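*Asks:* The following block contains the structure, expressed as structure tokens.
The values are calculated or read from the model by the stated rules, or taken from the named source; none is laboratory data. What you are looking at is a predicted structure, and each value in this text was computed from that prediction instead of being measured. Positions of Cβ are generated from backbone atoms using ideal geometry, with glycine treated the same way; all protein chains shown enter the neighbour counts. Accessible surface is based on the protein model in full, side chains and every heavy atom, while ligands, DNA and RNA are left aside. Shrake-Rupley method; radii C 1.70, N 1.55, O 1.52, S 1.80 Å.
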Amino acid sequence: RVERQERQRRDRRQMADIQKWWMERLIESPHPAQEKITLFWHGHFATGYRPVEDSYHMFLQNQLFRNNAFGNFKDDLVHPIIRDPAMIKYLNNNQNNKNSPNENLGRELMELFTLGEGRGYTEQDIKEGARTLTGYTFQDDTFQFVSRNHDDGGKSIFGRSGRWDGHDFVELIFTRPSAATFVCEKLYRFYVNNAP
């Protein structure tokens with residue numbers, strides 16, 4: 001118990017160091033546009049240290065946003081975020097298995113990350129989407145797909161049926177019209193005018 005508490009204290013100190021490091025980058029970076037869009041993605045794909053409790057995973061997520069800051073939204077950000085250890089832990093997808101689907105990541109993926117709340121999906125789509133993400137977890141610092149925990153049965157999402165997995169789920173989401181506008185609206189509010 002004492003060793004675990006000391007590890008947690010060290011990790012919290014390391015998280016404080018990472019926050020300081022990033023703040024310095026935001027202020028002094030020779031690439032301020034990259035840092036500003038990294039900040040946008042950090043707010044868009046919202047996570048927090050307290051539920052994750054792993055400073056290195058938070059750092060890795062920050063690097064994902066920075067390295068793909070100006071990349072393709074679907075391929076360089078959304079596909080990787082469903083495999084990101086910090087996001088998986090934050091939204092409890094490490095507890096998502098075929099016997100007890102957890103809807104957190106599937107719901108946030110549609111509501112907050114890609115389509116917007118109530119825009120072009122149903123509660124049933126969320127439930128089916130959660131099934132596609134079963135078995136998506138992490139081991140140490142890397143994504144791991146645990147096939148024995150994955151629901152490989154047929155699923156129906158947006159009126160289409162198949163034996164979908166998480167990759168397919170993201171691809172299906174981007175067939176919805178609001179996937180083309182939702183993030184653009186958020187970028188506009190962030191950079192231009194945040195008035196409602």
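*Asks:* Residues that are under 23 Å from R13 (Cα atoms) and open to solvent by 50 Å² or more (accessible area, probe 1.4 Å), at least 2 per element: which helices (runs of 4 or more DSSP H) completely within the stretch 44-146 meet that?
*Replies:* 49-52, 55-67, 85-90
*Asks:* Oh, and also: Of (1) touching a helix residue (DSSP H, G or I) at 6+ places or on another chain (Cβ under 7 Å); (2) modelled with pLDDT under 95; (3) not hydrophobic (A, V, I, L, M, F, W, C), N96 satisfies all except one. Which?
*Replies:* (2)
*Asks:* Can you tell me which residue is most open to solvent (accessible area, probe 1.4 Å) among those in the stretch 161-172 that are closer than 14 Å to K127 by Cα and outside any loop (DSSP other than H, G, I, E, B)?
*Replies:* Looking at residues that are closer than 14 Å to K127 by Cα and outside any loop (DSSP other than H, G, I, E, B), I get S161.
*Asks:* Please go through the stretch 23-40 and pick out each residue that is open to solvent by less than 60 Å² (accessible area, probe 1.4 Å) and either charged (D, E, K, R) or in contact (Cβ under 8 Å) with a residue 24 or more places away in the chain (or both).
*Replies:* Those that are open to solvent by less than 60 Å² (accessible area, probe 1.4 Å) and either charged (D, E, K, R) or in contact (Cβ under 8 Å) with a residue 24 or more places away in the chain (or both): Q34, E35, I37, T38, F40.
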